[in-house]
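The values are calculated or read from the model by the stated rules, or taken from the named source; none is laboratory data. Given the structure is predicted, the values throughout are model-derived calculations rather than measurements. Backbone-built Cβ (ideal geometry, glycine too); neighbour counts: all protein chains shown. The accessibility values were calculated without ligands, DNA or RNA, using every heavy atom of the protein model including side chains. Shrake-Rupley method; radii C 1.70, N 1.55, O 1.52, S 1.80 Å.
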Amino acid sequence: EGANLFAREKEIVFSKVELGYSGTSWKNSANINLKVSEKGVSFPDFRLVNPPQEMSFAGIVSFSGLSQIQLLANQLDLSLLSAYQLVDEEIHGKVNIKASWNGTLQRPEIESTITANSLKYGKFAWDGLDLELAYQQNQLNLFALLSNRKAEVLYINAFIDDLALTNLSDSLRKASVSLKIKSSELNLAVFSPLKRELDSLEGLLTMDVD
């Protein structure tokens, strides 16, 4: 598809790429090729590894605004978030991500699947998290399931209609929302580090909202 979209393209080859921060290093596992023309840029396989972790990007970015981008990530170690000081508490777990973007900023089609296992955040631990998101024609579908010992700690299933990403604040006020939430003994203290204004938040949440 990229070869058909770009006429008289030029190819740029990166034989060595290394990104390092806070004691971690990501390197390319093969040559990274960028194809550039007056119409846009394509990158058939931009792959970085920090074994056993791996991330890859592929797609086309057109200067007219049309983009096709895919992201794959395998065995990402969440402890990197602590190393990069992106969270206050220590966090652990392994994450796999599959995501795609097709279209323009005004009318994108987005799909994303995230799975995580052996999660630990501060003193809290769960077996796994499954997250699915799909956005198309101003409609958003969201599914999330946090589980522990085969029990559903938190279940979310949401549908939002008439949600335009170009003016998100206005759109959220006008959008139609269908929401189902179930929780079984979710410890509220897990949210304390997310808000610096809260000294402590305690208790167990059990709810069923449909």
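For the pair MET55 and ASN33 in one chain, pulling the backbone fully straight at 0.36 nm per residue adds 6.4 nm over the alpha carbon distance. Subtracting the Cα-Cα distance of SER64 and GLU89 from 0.36 nm times their residue separation leaves 4.8 nm of extension gain.
Using a cut-off of 26 Å between Cα atoms, the listed pairs LYS94/LYS182; LYS27/LYS123; LYS120/LYS182; LYS98/LYS150; LYS150/LYS180 include LYS27/LYS123 as exceeding that distance. If you plug the beta carbon distance of LYS16 and SER100 into 1/(1 + (r/R0)^6) with R0 = 25 Å, you get a FRET efficiency near 0.35. Each principal axis of the Cα atoms in region 14-118 has its own extent, and those three values, largest first, are 45, 33, 20 angstrom. Under the simplified labelling scheme, the SER169-ASN117 pair shows an inter-label distance of 4.3 nm, with each label point 7 Å from Cα along Cα→Cβ. Counting only protein heavy atoms and using a 1.4 Å probe, the accessible area of PHE14 comes to about 90 Å². The magnitude of the dipole of region 47-178, with charges of +1 and -1 set on the Cβ of Lys/Arg and Asp/Glu and taken from the Cα centre, is near 100 debye.
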